[in-house]
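I have placed the structure first, in the form of structure tokens, so that the comments after it can refer back to it.
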Amino acid sequence: MTDAERAVVREAMPVPAWLEGRGGQPEGYCHRQLVDAVRYLVAGGITWRAMPADFPA
């Protein structure tokens with residue numbers, strides 16, 4: 001994902017509660033990794049089981 005694409009997607013993603021002082025804890029994966037994993041899945045037309053082990057699931 002390019003920085004320009006990320007800027008567009010970032011606006012649609014919610015701000016984590018822990019960053020706004022509303023409790024919770026940091027996520028296990030950054031938003032960029034999650035979006036990259038979904039894009040990989042959609043582009044390849046594969047199942048979650050076929051995702052590479054290093055992609056967040």
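The values are calculated or read from the model by the stated rules, or taken from the named source; none is laboratory data. Source: prediction; values computed, not measured. Here Cβ is always computed from backbone atoms with ideal geometry, including for glycine, and neighbour counts include all displayed protein chains.
Restricting attention to the stretch 11-57, and to residues there that are among the β-branched types (Val, Ile, Thr) and in a loop (DSSP other than H, G, I, E, B), which single residue is surrounded by the most Cβ atoms within 10 Å (Cβ to Cβ)?
Ile46
List pairs: first residue in the stretch 1-17 and of a type in the set (A, V, I, L, M, F, W, C), second residue surrounded by fewer than 10 Cβ atoms within 10 Å (Cβ to Cβ) and in a helix (DSSP H, G or I) anywhere in the structure, Cβ distance under 9 angstrom, at least six positions apart or on different chains.
From residues that are of a type in the set (A, V, I, L, M, F, W, C), there are no pairs.
Would you please list the contacts, defined by Cβ atoms under 9 Å and residues six or more apart or on different chains, that run from a residue in the stretch 30-54 that is within 22 Å of Arg10 (Cβ to Cβ) and of a type outside the set (A, V, I, L, M, F, W, C) to a residue that is part of a helix (DSSP H, G or I) and at pLDDT 80 or above?
Between residues of the stretch 30-54 that are within 22 Å of Arg10 (Cβ to Cβ) and of a type outside the set (A, V, I, L, M, F, W, C) and residues that are part of a helix (DSSP H, G or I) and at pLDDT 80 or above, the close pairs are His31/Arg6; His31/Val9; His31/Arg10; Arg32/Arg6; Arg32/Val9; Arg32/Arg10.
In the stretch 1-10, how many residues are in a helix (DSSP H, G or I) and either in contact with a helix residue (DSSP H, G or I) (Cβ under 7 Å, 6 or more places away or on another chain) or among the basic types (Lys, Arg) (or both)?
Residues that pass the stated criteria total 3.
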